[in-house]
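Here is the structure we will look at.
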2 protein chains.
Amino acid sequence: MAPVSLAVLVILSLLVKRRKLCKGCLNGVPGIPSPVNFLEEEKNKGLVATVFGILICSLCRVILDDNPLPFLSDTSLQNREYWKILALFYYPALYYPLLACMTVRHRTGDILGSMLSWLHCGILIWQKIECPQSAKFYRFYSLLSALPEISCFIVLSFIYPALLLKNCKGASKFAANKASGRSYCEKYLKNILNKNQQKARSYNPNQSFKPWLLLQSYIYTSQQGFQLPMTLVLSATVATIVVYQVALLVLVFFLPTMQRIQDSIGDDFALMLAGFGIVLAEDKEEVVNVVKYYLWALEVCYISALVISCGLTVAMLMRSLVMHRTNLKALYRGAVSDVFHFPQKLRPTHSAIISWMSFTSYQAALTCLGLLLQQTVFFLCNVFFAFLVIIPLAYGRNLILFKFLKAMWPVLLMMALVVILQHLSARFAFLHKEHLQQEVTNRRILYLLTYLLFPVNFLLGLLVGIWRIVISALYNIVHLCRLDLSLLHHAVECFDPAYRNYCHFLKIEVSQSHPLLKAACFVLLQLLSRHEGQTRNKPTDVEEGIQLMQSKKPVLNKVKSKQARVRWWVAYTLLKNPSLLASRASFLFQCTSNGAQTMSSS
Amino acid sequence: MAPVSLAVLVILSLLVKRRKLCKGCLNGVPGIPSPVNFLEEEKNKGLVATVFGILICSLCRVILDDNPLPFLSDTSLQNREYWKILALFYYPALYYPLLACMTVRHRTGDILGSMLSWLHCGILIWQKIECPQSAKFYRFYSLLSALPEISCFIVLSFIYPALLLKNCKGASKFAANKASGRSYCEKYLKNILNKNQQKARSYNPNQSFKPWLLLQSYIYTSQQGFQLPMTLVLSATVATIVVYQVALLVLVFFLPTMQRIQDSIGDDFALMLAGFGIVLAEDKEEVVNVVKYYLWALEVCYISALVISCGLTVAMLMRSLVMHRTNLKALYRGAVSDVFHFPQKLRPTHSAIISWMSFTSYQAALTCLGLLLQQTVFFLCNVFFAFLVIIPLAYGRNLILFKFLKAMWPVLLMMALVVILQHLSARFAFLHKEHLQQEVTNRRILYLLTYLLFPVNFLLGLLVGIWRIVISALYNIVHLCRLDLSLLHHAVECFDPAYRNYCHFLKIEVSQSHPLLKAACFVLLQLLSRHEGQTRNKPTDVEEGIQLMQSKKPVLNKVKSKQARVRWWVAYTLLKNPSLLASRASFLFQCTSNGAQTMSSS
């Protein structure tokens, strides 16, 4: 394991990669190829998601490592901040060809992509095999933190060959293009126009509340005819990887340190404790055992807190996805008031564009912060619970809480009795049924009790207040990673920066990539290209729009009602999404100037 | 200051009071007189509020003092908890005659009430003059904490004679009864039926947003034709007194201690600090000066935090009152959906009764907790701000924050530049105006920037996350004392115990003391008593209901439209408040069985 040779090798490999980057740039499309059509990409979501996963892994390395860039020697680390800033831009540029090869949509691109991903993957795996241990935090931390990166690269090195195979199988470039863009829009449209499904959907809100429905609302399952947009897929992937990285970091920060402390405890530790006046037991051996037991309990608390917080975060992310889908579907329908409390215009503004650009990274950052906060809070809660409740119950030590309860029991008993008295009297003395409605009776006694119990209710109110503080703090901590709900009261929800970001993001998503709009655009584009005299393989392209509408093969006497419904849907969509109108009008204008005859004849 | 003589005197005074209590009980109404008709009392709200103020002051004494009851000697304080529990019930019983004298509505009651309040007031003032200083917390704490109690007693000893004078002025018992109950209902009804005012009201929501309107919404000013119900007046009074008591307690806990520490700092203190390795200055004299300066800074932080938190709490209480009025008016109108997010039935249930009973005390308890929490948080914030920003800027010490910023400035500058870049590009490069609408353009560059800036946006997201944590925590801490809004997201707001309490409270308040219902009941009761053959002074009582409706003396040709409006109002009220229907039906049934002819003839 010669570090110098490794460094040289990494630098060489980077040079190789860079050459390929230049090739990738000049190949296919002239100029800089767009990294990925975030708003329009329907296929290859997995590929983009893996590249973003690789990016977030290297971002973690940049933030945590002393040496952010692999080609830096130790002497040039004098001003590390500048190198870190450089690294923030270097890694996206480094992995950029991996995306660019895909967007070229050509066999050469696929070949280059496969080779690049194999090379990256090979170098990373070889590097980890050469030196699997690192000095930082924990021996295997470097290896473990690279696991998601390696798996992303492996996935990538399978996706590109698969793409190449698909492209080689004779499907023309146009068909691939069409299939990628059209298929989802078609499915969405078919689903929307399907009468039976609509009935099934509209039946949902009338269902009664059941616990398993609540549980189901926290599990994201794919629905027919709806795909999450690219940005949401990316944010979910990135957030999941962030959860893994943060959990790993939290774990290796704590466990090895605890292990080391446990190993270092000896008889002298008991003396030291005695010096501070803490006598845990009479025997030295026993003191060591007790301290070790306490440390073990701490470890258990820490790990259980980590499990709880990871589980909750993943559940929250899943719930977020469900809510994203619900919100997007509502906005596609035009039901703006179902999503936003205040009327909003679904139209791109400059702040909406900024929010859309930063949505994925905000989701990742909030997941990271939320997990750290949850871990801290749940760890403290677990420690309190273990040391004040479980250990006293099991071993009769640390009886602080129980002593406090013992001193307070008359007051607590009295409060419990008063609560019971209020409940019983309210149920049996102050209510009587009359004319099928419950009415208040015995008002004099009610007023008397209200007055007399005022001081006791004040004490109960203190408990209620503490419960209010606890429950609102817990709720906010658990829901911190969710951008789709505001942590503030709904009257001031626009002051929550994350929720505002989400609202703006939805505006761009809905106004710029509405599936109906996209389907219409594809049909119109095909009409245009046909008019320009290019030959197509399929002669039925023109009628596709109409075929699409009649895909269910209706009975003849139902055609008219179906057409009416289709028109109504279009009108409704345009009415509720005025942003579509502009695109539609402009397209129509273009079409009429170019091919008015084609339009009228078809 | 002989403590024994004082104890004997207090016991004697209590005996006197108790004799009066028994007198009060047996006088006037047989059995236990109702303390106060919380739901129906319209006049004398001030009297009830002062008694509750006295009660909350004595509750504070009970919680804080070692000796909860004045007649206890020091030897019987072995099991203090039991005495405290007893005191929780003793004080309401002790001040109960002060309320009972008012509800008797008789001259004797007023005389007794005056004498009782004078006696209480005299004893308390004499007691404080005899021994104004106490050993606990601070010399004058006992005196200062008794100030609201004394002022309440003084107000009380003016109210009772005033009541007596009013009663003696020849107004009969019935008229007083009627005036107290009727006047507000009449006013409310007149206000509701006044066409011009309605227009003015309906115009409000269309007004544009102005800062002074926001400020105005935090200041409670009385509105014509609407009075807050008794319970809300009580809760506001009690909460204000709680703010005073808690602020006083917080102040005397801290300031004398700090003063004592400041006095005890000498040259040896510098040596002690040097022993811990802290060298604030080279000269001993200077070290003492620096430490004294720091302590003074701490004091300033503490007092400013107290001022801020008291101001915020009072503002929140005022805002609560405004919201209570808005909510009550909406519910009186029947606009349930304006107040509750989910449809609720305005009908008394057993949990609603419990919530109604405990509303005032919960408000007081939450105010207390909220103020304490705010004080802690703002004090910490002030200390951080003073010691990390102001003192470094002024004296060049404690440069921790500035050193951190200096180390981080390249990253921070880069992040600021990226934000500016995003804003500029979003405004000028990615948006162009077309057909009066802004559309997204230059998509390729937009996607490229989105991809390249992903790591930087992640860092920005961390800042946004921290801001989200800070703002939601501050919001919840400041709004903790407000029961009229939920601290949880609106989908789970019913899990907030305080907000649920408020919702239930509103249900009882609206269903049981709707002004229209009360007005109708008064008219019907008068009809009944007239039918039973009792002579009344005023012969026009029967037509009062109709006069009430026509109090504006309309032009003849407008009578019909007015009648139609009146009928529509009644129908609308009944439709939206089905709970009124039961009372109405039952009353009508009773009336028709007793006096069908009277009804038909009038």
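The values are calculated or read from the model by the stated rules, or taken from the named source; none is laboratory data. Computed from a predicted model, the values in this text were never measured in an experiment. Cβ: placed from backbone, ideal geometry, glycine included. Neighbour counts: every protein chain shown. These accessible areas exclude ligands, DNA and RNA; they are computed on the full protein's heavy atoms, side chains included. Shrake-Rupley method; radii C 1.70, N 1.55, O 1.52, S 1.80 Å.
Observations, loosely collected:
- Every residue from region A:402-422 that is more than 16 Å from A:Leu462 (Cβ to Cβ) and either of a type in the set (Gly, Ala, Ser) or in the same structural domain as A:Leu280 (by TED's automatic domain parsing) (or both): A:Ala407
- Any hit, region A:327-343, residues being within 9 Å of chain B (Cβ to nearest Cβ), in contact with a Leu (Cβ under 8 Å, 6 or more places away or on another chain) and buried (at least 18 other Cβ atoms within 10 Å of the Cβ): no
- B:Leu55 being modelled with pLDDT of 85 or more and under 16 Å from B:Cys121 (Cα atoms): yes
- Some residue of region B:98-108 being within 20 Å of A:Asn457 (Cβ to Cβ) and part of a helix (DSSP H, G or I): yes
- Checking each residue in region A:446-492 for being more than 8 Å from every other protein chain (Cβ to nearest Cβ) and among the β-branched types (Val, Ile, Thr) picks out A:Val470, A:Ile477, A:Val478.
- Just one of the listed residues (A:Ser157, A:Ser142) is outside the structural domain of A:Asp338 (by TED's automatic domain parsing), modelled with pLDDT of 85 or more and surrounded by 14 or more Cβ atoms within 10 Å (Cβ to Cβ), and it is A:Ser157.
- Only listed residue being under 30 Å from B:Leu369 (Cβ atoms) and in contact (Cβ under 8 Å) with a residue 24 or more places away in the chain, chosen from A:Leu462, A:Leu474, A:Leu516: A:Leu474
- For B:His504, the stated conditions do not hold, so it cannot be described as within 7 Å of another protein chain (Cβ to nearest Cβ), closer than 30 Å to B:Leu328 by Cα and not hydrophobic (A, V, I, L, M, F, W, C).
- Residues satisfying the stated conditions in region A:346-393, i.e. more than 8 Å from every other protein chain (Cβ to nearest Cβ), among the hydroxyl-bearing types (Ser, Thr, Tyr) and either touching a helix residue (DSSP H, G or I) at 6+ places or on another chain (Cβ under 6 Å) or farther than 26 Å from A:Val243 by Cα (or both): A:Ser355, A:Thr367
- Among the candidates A:Arg427, A:Arg397, A:Arg444, residue that is in contact with a His (Cβ under 7 Å, 6 or more places away or on another chain) and at negative phi: A:Arg427
- Considering only residues in region B:394-445 that are touching an Asp or Glu at 6+ places or on another chain (Cβ under 8 Å), open to solvent by less than 60 Å² (accessible area, probe 1.4 Å) and assigned to a helix (DSSP H, G or I), the one that is nearest to the other protein chains (Cβ to nearest Cβ) turns out to be B:Pro410.
- Residue in region B:444-457 that is basic (Lys, Arg) and touching a helix residue (DSSP H, G or I) at 6+ places or on another chain (Cβ under 9 Å) present: no
For every residue, the table says whether it meets (1) surrounded by 15 or more Cβ atoms within 10 Å (Cβ to Cβ); (2) part of a loop (DSSP other than H, G, I, E, B); (3) within 20 Å of the chain's Cα centre (by Cα).
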site: A:Leu280; (1), (2), (3): yes, yes, no
site: A:Ala305; (1), (2), (3): yes, no, no
site: A:Thr313; (1), (2), (3): yes, no, yes
site: A:Leu317; (1), (2), (3): yes, no, yes
site: A:Leu321; (1), (2), (3): yes, no, yes
site: A:Lys345; (1), (2), (3): no, yes, no
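- From the options B:Gln245, B:Gln259, residue that is loosely packed, with under 14 Cβ neighbours inside 10 Å and at pLDDT 85 or above: B:Gln259
- Residue selected from region B:446-489 under the condition under 30 Å from B:Met318 (Cβ atoms) and assigned to a loop (DSSP other than H, G, I, E, B), by the criterion most open to solvent (accessible area, probe 1.4 Å): B:His489
- Candidates A:Leu232, A:Leu251 - the one that is at pLDDT 85 or above, under 16 Å from A:Leu295 (Cα atoms) and under 28 Å from the mean Cα position of the chain (by Cα): A:Leu251
- Inter-residue pairs, beta-carbon under 8 Å, first within 13 Å of chain A (Cβ to nearest Cβ) and outside any loop (DSSP other than H, G, I, E, B) and in region B:41-52, second open to solvent by less than 30 Å² (accessible area, probe 1.4 Å) and at pLDDT below 85, 6+ apart: B:Val48/B:Val36; B:Val48/B:Glu41; B:Val48/B:Leu99; B:Val48/B:Met102; B:Val51/B:Tyr95; B:Val51/B:Leu98; B:Val51/B:Leu99
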